[in-house]
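Derivation of every value follows stated rules applied to the coordinates shown; laboratory data play no part. Predicted model only: the values in this text are computed from it and were never measured. Every residue, glycine among them, receives a Cβ derived from its backbone with ideal geometry; neighbour counts consider all protein chains shown.
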Amino acid sequence: MLENIKASLQKFSKFTDPGWRRKRIHHRINGPIQYKIHGPGIDYAGGDWDTLIILDACRGDLFEEFANLNRWDEYERVKSGCGATRTWFERKWNREYGDIVYVSGTPVLSRCAPGSFHRVVECWQSAINEELNAPDPEIVTDSAIEAHEEYPNKRVVVHYIQPHYPFVQDTDLHFTEFAGTEQWDVNADSRATDVWEALRAGIVDKDKVWDAYGRNLEYVLDEVDELLDTIEGRVVLSSDHGNLLGEITYPIPFREYGHPMHLAQPSLTTVPWAVNDGPRREVIEEEVGSTSDASSGEIESHLQALGYMDE
């Protein structure tokens, strides 16, 4: 009887939680309306590229401020149509791609689309740098170079986790991410679960978070430069989604932070599309044979550590 009462109280408390109600409104109302207004966004798989570099959670305006646009032959902003990595995989990579090798620095792929490609390289499993308390982009770069050498007749997607939180160089903005992040950073600030909750609560200010966000982008762009100097072909750099830093949602208004999964407003889905031309590779499509070697527990642990509790 006591257990039943406890369970009922826990269920009721969910309905009185403002965060839960906000997410439900995004899921049922704001997200569908925004998606209908703004459309599905670009077709990544159908784009003209030999190598597609994805910087996770990189806003277009962030890239324009902190990246060297002269490094690229062409640049424009595009709409991803997705507010989070999970929806990006579900909407953008929902077929079979026998001509693509996917080098993944994010565990979201291993949950959502592990069998969609010719091969998946799950370098996120070995990319956690204990000194950085974050995924190490150098491991992603090394894995990407190896993939280009091993599969010269395939298109290659290289998915870095940065500039996604945690912000590597700003350890004062490391917050306690449930059980996952505590394994990486036992000295993390426990007043919030992540930097976006801290920003919502007024623990940190927007300018400080924006600058740290930009430094995290600069950090991964050093590795992108290394990759660009090594590989050939037509290279496109883009992102799956951005982050909100207090923008107002619509039609039902909330001040929102981070990347709520169900939203699709332009402030969240506007991402870079930078292009470098080079000698094209001859691409041969073969069978789809990719699988995930990661256990469900390992995937969930890494997702929690990155704050993907709702994905």
Here is the link list: Lys79/Lys206; Lys23/Lys208; Lys92/Lys208; Lys79/Lys154; Lys154/Lys206. Which ones come out longer than 30 Å on Cα distance?
Lys92/Lys208; Lys154/Lys206
Test of understanding: what is the full-extension gain from Glu64 to Glu218, defined as 0.36 nm times their sequence separation minus their Cα-Cα distance?
54.3 nm
Binning at 5 Å from 0, report for region 201-276 what percent of all alpha-carbon pair distances ends up in each bin.
3, 12, 19, 19, 17, 13, 9, 5, 2, 1
Find the eigenvalues of the gyration tensor of the Cα atoms of region 56-112, then list the square roots of 5 times those eigenvalues as equivalent ellipsoid semi-axes, largest first, in whole angstrom.
25, 14, 12
Take Asp225 and Asp48, extend 7 Å from each Cα along the Cα→Cβ direction, and tell me the distance between the two endpoints in nm.
2.9 nm
If the chain between His38 and Lys208 were fully extended at 0.36 nm per residue, the gain over the current Cα-Cα distance would be 58.2 nm
